[in-house]
1. Quick one: in the stretch 24-50, of everything that is more than 17 Å from the chain's Cα centre (by Cα) and polar (S, T, N, Q), which residue is surrounded by the most Cβ atoms within 10 Å (Cβ to Cβ)?
2. Within the stretch 51-86, restricting attention to residues that are surrounded by 10 or more Cβ atoms within 10 Å (Cβ to Cβ) and within 17 Å of Met19 (Cα to Cα), which residue is modelled with the lowest pLDDT?
Amino acid sequence: MWIPQKNFNHRPHGKHGHMIERWFGEITNKRIRRESWESVGQLKKAIKDFISGWNKAGRGFKWTKKPDEILTKIHKARTETVLVNE
């Protein structure tokens with residue numbers, strides 16, 4: 001099956017990149033891997049149906065950690081990175 005390639009001039013990073021990766025994980029696990037299609041057209045329709053349903057539901061992602069926990073982990077990772085690179 002041929003899948004068109006997309007080229008991004010600006011690759012999302014940080015929290016936006018993570019949100020995009022997370023969303024693609026959702027569509028992959030909840031729709032794409034659960035079925036098989038006989039044509040690219042069927043796959044496209046399944047993806048469009050998933051997106052339509054996702055947008056209608058209007059649900060967002062919920063953080064499971066408190067901001068202080070996240071910031072502490074970031075600080076620890078930065079400190080360890082500096083020590084390793086010295």
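The values are calculated or read from the model by the stated rules, or taken from the named source; none is laboratory data. Bear in mind the structure is a predicted one, so any value in this text is a computation, not a measurement. A quick note on method: Cβ atoms are made from the backbone with ideal geometry, for glycine too, and the neighbour counts reach across all protein chains shown.
1. Within the stretch 24-50, the match that is surrounded by the most Cβ atoms within 10 Å (Cβ to Cβ) is Gln42.
2. The residue in question is Phe61.
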